[in-house]
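Here is the structure we will look at, set down as structure tokens.
The values are calculated or read from the model by the stated rules, or taken from the named source; none is laboratory data. The structure displayed is predicted, hence computed values, not measured ones. Methodologically, a virtual Cβ is constructed for each residue, glycine included, from the backbone with ideal geometry; neighbour enumeration extends over all protein chains shown.
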Amino acid sequence: MTTSSTSQNESPESPEKKEPEVVALAEAASLEPGATAPGGAEPPVAVEALPQGTSLWKDAYRRLKKNRAAMASAVILAVIVVGCIFVPTFSSYRYDHANLALGPTPPSWAHWMGTDFFGRDLMARVFFGGRISFGVALTATFMSFAIGVTWGGVAGYFGGKLDSILMRIVDVLYTFPFLIFVILLMVFFADQKSPLYSAFKAVISPFVESSTDQSHYPIFQLVIVFAAIGCISWLTMSRIVRGQVLSLKSQPFIEAARSIGVGPGALIFRHLVPNALGPIIVYTTLTIPEVMMTEAFLSFLGLGTQEPLSSWGLLASNGADAMDYYPWQLFFPGLFLAVTLFCFNFLGDGLRDALDPRMRKD
Amino acid sequence: MISYAVRRLLWVIPSLWVVLTLVFFLVRVVPGGPFDQERQIPEEVRKVLEDYYDLSAPVHIQYKNWLVRLVLHQDLGPTMRYANRSVGEIIRLSLPYSAQLGGLAALLALCIGVPLGVYAATKHNTARDHVAMGIAMTGVSVPRFVLAPVLILVLSLKLYLLPAARWETWRHMVLPVFCAGLPMAAYIARLARAGMLEVIRSDFIRTARAKGLSERRVILRHALKGALLPVVTFLGPGLSGLLVGSLVIERIFNIPGMGRYLVEAASNRDYNLVMGVVLVYGVLVMVLNAVVDILYKLLDPRVTLE
């Protein structure tokens with residue numbers, strides 16, 4: 001029924017002259033059962049194809065494409081991510097393969113980024129470290145986003161006692177000395193006898209040959225670091241979202257939405273949060289480098305990623321110790337860390353300019 | 001307004017109590033004690049030690065004793081790993097260094113960050129905006145422990161311009177303060193720019209321009225206050241982050257601040273010192289957050305806090 005109406009509808013007009021978006025919309029509309037009334041397929045398609053029908057996100061994407069710095073950053077980030085996925089797998093050196101006879105050597109044809117103190121190939125280590133740095137950053141940032149936006153949105157919208165209680169919890173968590181918290185977590189839970197390690201072994205057992213293999217222990221410690229950083233990085237996000245919601249909720253468009261019967265959940269997530277997206281995105285892009293830094297900072301203190309695993313923070317702090325004699329050991333990890341953070345920041349700023357609805361007029 | 005400020009500041013006391021109580025029991029739950037890491041000590045000696053440090057009583061009695069001593073005598077007790085030194089003494093000796101470093105770095109961050117961000121926003125989407133934000137992004141992207149060794153190598157070890165370590169004259173302070181403050185300055189610049197861009201498009205700014213005020217006056221007298229809101233929100237966590245971040249700086253420049261006790265105390269299970277450091281850190285952060293909330297209210301009359 002719907003397919004026949006589509007063919008009737010499209011055959012008179014020449015489809016190749018239409019813009020691709022219009023075709024896509026027409027197809028989407030016609031494929032949706034119920035969207036096309038028999039014989040009356042034309043009006044909904046025509047209405048949807050009008051230019052003012054573009055969504056906020058499509059509009060934002062169009063603007064983002066015009067921002068060369070942001071697009072270049074996205075491309076560089078994509079290249080680095082692809083490198084982190086494939087280089088450690090296809091490199092002829094393993095990240096943890098030591099060659100003590102070789103020792104530290106400067107960059108050469110055999111080792112493009114040189115080798116470290118134990119003769120391990122730095123390029124394999126840098127890209128392997130990238131996996132961990134990205135993993136930590138994305139996991140913790142996602143947690144920060146999900147928890148922080150909900151928490152801050154609810155606190156700001158409902159106000160009163162609930163706001164007081166929620167923000168008091170945030171205040172108390174803020175003051176919890178993060179370093180001591182992580183040390184406690186590492187000592188208490190990252191123990192071979194802890195119940196969490198048994199749980200971890202149970203989870204990974206279907207995927208590995210032997211779940212009691214000692215080489216999985218550093219990975220378990222890493223998971224604990226992920227969780228610790230994720231648990232504390234949503235606090236600032238919730239404060240920012242609350243601040244935004246507080247100053248937005250007394251504006252007329254919220255009153256208008258409430259007056260037509262929009263419920264609190266929809267008000268927070270469909271009206272207040274999207275209007276606060278500018279600051280939320282700016283802060284999210286600040287969270288990714290911040291989390292990467294935190295991981296690096298913990299590694300600097302010997303609490304984060306443990307040898308023989310690597311992360312950019314661990315490599316850079318090892319390199320900083322040896323920079324008088326082996327500067328390349330600081331240069332490459334530092335460069336990758338800085339370039340990645342730089343690109344996230346540029347991309348975030350581009351997103352901000354693209355997503356801010358108040359900029360749509362100019 | 002004043003009653004709000006007083007109430008907000010008074011809230012610090014119960015919050016602080018919750019944190020201290022939580023940490024008190026948590027550090028004692030974690031396996032291992034302050035005397036486990038040394039060579040085996042005889043049972044009698046251990047007993048004397050535990051009596052001296054009030055560790056032999058049940059935990060809730062220890063808690064009561066600790067709290068009573070803190071509230072009535074302002075005494076945090078002896079440290080468990082530094083012979084013959086009290087926690088209060090260690091904090092008195094080390095806190096001034098950390099406070100100077102943190103205060104100067106925060107001041108530097110504000111003095112660089114706010115003008116840079118506002119300037120970039122007024123030149124939105126021009127080459128100057130891009131240059132200013134490029135500088136800010138470099139500041140955000142280079143970790144302190146990469147920046148500091150590079151600056152030491154170039155300015156101290158190669159050019160002999162500034163001392164490489166310690167905390168004595170102003171010449172010693174330049175590098176650590178700069179390295180500690182730069183990332184925060186860059187954050188503030190970005191937030192100030194974002195805030196300014198929001199404000200600059202609002203109706204009251206258009207009105208201010210329409211009545212013929214000079215651009216300078218519009219920005220400084222009308223827009224700046226609103227643009228500072230995101231910066232003010234960031235100040236509380238930013239300053240406490242600076243406190244932790246200066247840990248790296250203190251270690252690299254060998255400054256005898258409080259930072260090193262933060263890690264050492266916890267890994268040594270020095271219960272009393274942990275509590276002391278948590279107390280100082282908690283008071284600082286909680287009072288700062290309270291002040292930020294009060295400032296927020298002062299700056300933006302649209303915000304209703306009730």
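Per-residue answers, yes or no, for (1) among the β-branched types (Val, Ile, Thr); (2) more than 14 Å from chain A (Cβ to nearest Cβ); (3) touching a residue at least 60 places away in the same chain (Cβ under 8 Å); (4) in contact with a Gly (Cβ under 7 Å, 6 or more places away or on another chain):
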residue	(1), (2), (3), (4)
B:2	yes, yes, no, no
B:19	yes, no, yes, yes
B:45	yes, yes, no, no
B:48	yes, yes, no, no
B:53	no, yes, yes, no
B:77	no, yes, yes, no
B:84	no, yes, no, no
B:87	yes, yes, yes, yes
B:99	no, yes, no, no
Any idea which of (1) among the polar types (S, T, N, Q); (2) within 19 Å of residue A:134 (Cβ to Cβ); (3) surrounded by 14 or more Cβ atoms within 10 Å (Cβ to Cβ) is the one residue A:89 doesn't satisfy? (3)
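In the range A:302-325, which residue that is part of a helix (DSSP H, G or I) and among the hydrophobic types (A, V, I, L, M, F, W, C) is nearest to residue A:150 (Cα to Cα)?
A:312
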Among the residues of the range B:277-295, is any more than 10 Å from chain A (Cβ to nearest Cβ), closer than 30 Å to residue B:75 by Cβ and at pLDDT below 80? no
Looking only at residues in the range B:119-141 that are without any contact (Cβ under 8 Å) to a residue 12 or more places away in the chain and at the interface with chain A (Cβ under 8 Å from one of its Cβ atoms), which one is farthest from residue B:175 (Cα to Cα)? B:130
Give the range B:153-176 a look and list any residue that's of a type in the set (D, E, K, R) and away from chain A (no Cβ under 14 Å), or say none. B:166, B:168, B:171
Look through the range A:261-296, keep the residues that are over 28 Å from residue B:146 (Cβ atoms), in a helix (DSSP H, G or I) and among the aliphatic types (A, V, I, L, M), and return whichever of them is farthest from the other protein chains (Cβ to nearest Cβ). A:266
Taking residue B:270, is it surrounded by 20 or more Cβ atoms within 10 Å (Cβ to Cβ), over 23 Å from residue A:234 (Cα atoms) and not aromatic (Phe, Trp, Tyr)? yes
Of these, B:6, B:68, B:29, which one is under 25 Å from residue B:280 (Cβ atoms) and within 12 Å of another protein chain (Cβ to nearest Cβ)? B:29
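Could you tell me whether residue B:220 is surrounded by 15 or more Cβ atoms within 10 Å (Cβ to Cβ) and modelled with pLDDT of 80 or more?
Working: surrounded by 15 or more Cβ atoms within 10 Å (Cβ to Cβ): no; modelled with pLDDT of 80 or more: yes.
Spelling it out, it is not the case that residue B:220 is surrounded by 15 or more Cβ atoms within 10 Å (Cβ to Cβ) and modelled with pLDDT of 80 or more.
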Would you be able to say whether some residue in the range A:120-138 is modelled with pLDDT under 80 and part of a loop (DSSP other than H, G, I, E, B)? no
Would you confirm whether any residue within the range B:138-148 is closer than 22 Å to residue A:300 by Cβ, out of contact with any Phe, Trp or Tyr (no Cβ under 6 Å at 6 or more places or on another chain) and surrounded by fewer than 17 Cβ atoms within 10 Å (Cβ to Cβ)? yes
Which of the numbered conditions does residue B:150 fail, given that it passes all the others? Conditions: (1) more than 14 Å from every other protein chain (Cβ to nearest Cβ); (2) of a type outside the set (S, T, N, Q); (3) assigned to a helix (DSSP H, G or I). (1)
Residue in the range B:182-189 that is in contact (Cβ under 8 Å) with a residue 12 or more places away in the chain, more than 29 Å from the chain's Cα centre (by Cα) and more than 11 Å from chain A (Cβ to nearest Cβ) present: no
The residue from B:103, B:113, B:117, B:134 that alone is at negative phi, of a type outside the set (A, V, I, L, M, F, W, C) and in contact with a Phe, Trp or Tyr (Cβ under 8 Å, 6 or more places away or on another chain) is B:113
What residue, of A:185, A:166, is at pLDDT below 70 and surrounded by 15 or more Cβ atoms within 10 Å (Cβ to Cβ)? A:185
How many residues does the range B:149-185 hold that are surrounded by 23 or more Cβ atoms within 10 Å (Cβ to Cβ) and more than 20 Å from residue A:342 (Cβ to Cβ)? 4
In the range A:278-306, anything touching a residue at least 40 places away in the same chain (Cβ under 8 Å), over 25 Å from residue B:250 (Cα atoms) and more than 15 Å from the chain's Cα centre (by Cα) is listed as A:278
Of the criteria (1) at the interface with chain A (Cβ under 9 Å from one of its Cβ atoms); (2) surrounded by fewer than 17 Cβ atoms within 10 Å (Cβ to Cβ), which one residue B:298 fails: (1)
Is it the case, given these coordinates, that residue A:250 is touching a Lys or Arg at 6+ places or on another chain (Cβ under 8 Å), modelled with pLDDT of 80 or more and within 12 Å of another protein chain (Cβ to nearest Cβ)? yes
Failed condition for residue A:299, given (1) farther than 14 Å from residue A:129 by Cα; (2) in a helix (DSSP H, G or I), with all others met? (1)
Find the residue count for the range B:272-303, including only residues that are in contact with a Lys or Arg (Cβ under 7 Å, 6 or more places away or on another chain) and in a helix (DSSP H, G or I). 4
Note on the range B:199-238: residues part of a helix (DSSP H, G or I), away from chain A (no Cβ under 14 Å), free of Cβ contacts under 8 Å to residues at least 24 places away in the same chain and farther than 30 Å from residue B:102 by Cα are B:207, B:208, B:209, B:210, B:216, B:217, B:218, B:222
